[in-house]
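Please treat every number below as a calculation from the coordinates, not as lab data. As the structure is a computational prediction, the values presented were derived from the model and not from experiment. Neighbour counts run over all protein chains shown; Cβ positions are idealised from the backbone, glycine included.
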Amino acid sequence: MNKWELAWQEPLFKQKFLFGIGVFISLMPVFPVFYQYIEKRNGFDQNDIILQQIPAIDVSMPIFIVTWAMAILLIIRALQSPAIFITYLYGFIGLNILRFISIMLFPFDPPAELIPITDPIANHFYGQTYITKDLFFSGHTATQFLFFMCLQKRSDKIMALIGTIAMGVLVLIQHVHFTIDVVCAPFFAYLCYIISRKIAKPYLPY
């Protein structure tokens, strides 16, 4: 009997699994509505001295590769481990809810030299208009750090940590985020991980 079969025998696991999937599915139609709304708001300018020293370069392909290579690795590990699946599921939900809140509270205008990221998969969730004002905090960087926290194998964690650092640098080179967006992202991801880990704790042996 594999780990998923063992976990699925527990009613509490089923409840948390189905509830998490339900919340995740419910968030899907919210993404384009929310992001299209915030794109129309007026925001505040930031005087980012660090970003001003970095020439804007289109690094969409490396961003795409890091994003989805790590996502595929996480999916593979989650299929092997109910604990990783539940931890990431609730961490991802929390991360996006926190982004909704932080973006609403801190309406920033985008960097002047922003270059849109070409990602036909991720951009699909934002609606018809490319979004530039989803700034504080960096979802790309936070997601990579959540991968790092959720993955268990040492080699996986090393790749995820490298992915986090690379992503933070790449989104700055692309000028789609300010420095503070990138620096703060891991802290929000860690908070979401701590909460989601408590939810998954009974299943960590799996």
Just the residues that are surrounded by fewer than 17 Cβ atoms within 10 Å (Cβ to Cβ) and farther than 23 Å from residue 71 by Cβ, please, taken from segment 97-113.
101, 104, 105, 106, 107, 109, 112, 113
Suppose the filter is surrounded by 10 or more Cβ atoms within 10 Å (Cβ to Cβ), over 27 Å from residue 174 (Cβ atoms), within 18 Å of the chain's Cα centre (by Cα) and not polar (S, T, N, Q); does residue 21 pass it?
yes
The condition of being over 19 Å from residue 198 (Cα atoms), more than 23 Å from the chain's Cα centre (by Cα) and among the acidic types (Asp, Glu) holds, among 10, 5, only for 5
Looking only at segment 38-56, decide whether some residue is buried (at least 21 other Cβ atoms within 10 Å of the Cβ) and among the polar types (S, T, N, Q).
no
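When the residues of segment 28-37 are filtered to those that are of a type in the set (A, V, I, L, M, F, W, C) and surrounded by fewer than 16 Cβ atoms within 10 Å (Cβ to Cβ), which remaining residue is farthest from residue 87 (Cα to Cα)?
Checked segment 28-37; the qualifying residue farthest from residue 87 (Cα to Cα) is 33.
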When you check residue 180 against the structure, is it of a type outside the set (S, T, N, Q), free of Cβ contacts under 8 Å to residues at least 24 places away in the same chain and part of a helix (DSSP H, G or I), yes or no?
no
Exactly one of 17, 24 is touching a Leu at 6+ places or on another chain (Cβ under 9 Å) and within 25 Å of residue 133 (Cβ to Cβ), and that one is 24
Residue 117 vs (1) in contact (Cβ under 8 Å) with a residue 60 or more places away in the chain; (2) β-branched (Val, Ile, Thr); (3) buried (at least 16 other Cβ atoms within 10 Å of the Cβ): all pass except (1)
Pick from segment 136-177 the residues that are outside any helix (DSSP H, G or I) and within 11 Å of the chain's Cα centre (by Cα): which of them is surrounded by the fewest Cβ atoms within 10 Å (Cβ to Cβ)?
137
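Collect the residues in segment 43-87 that are β-branched (Val, Ile, Thr) and assigned to a loop (DSSP other than H, G, I, E, B), keeping them in residue-number order.
Of everything in segment 43-87, those that are β-branched (Val, Ile, Thr) and assigned to a loop (DSSP other than H, G, I, E, B) turn out to be 54, 57, 59.
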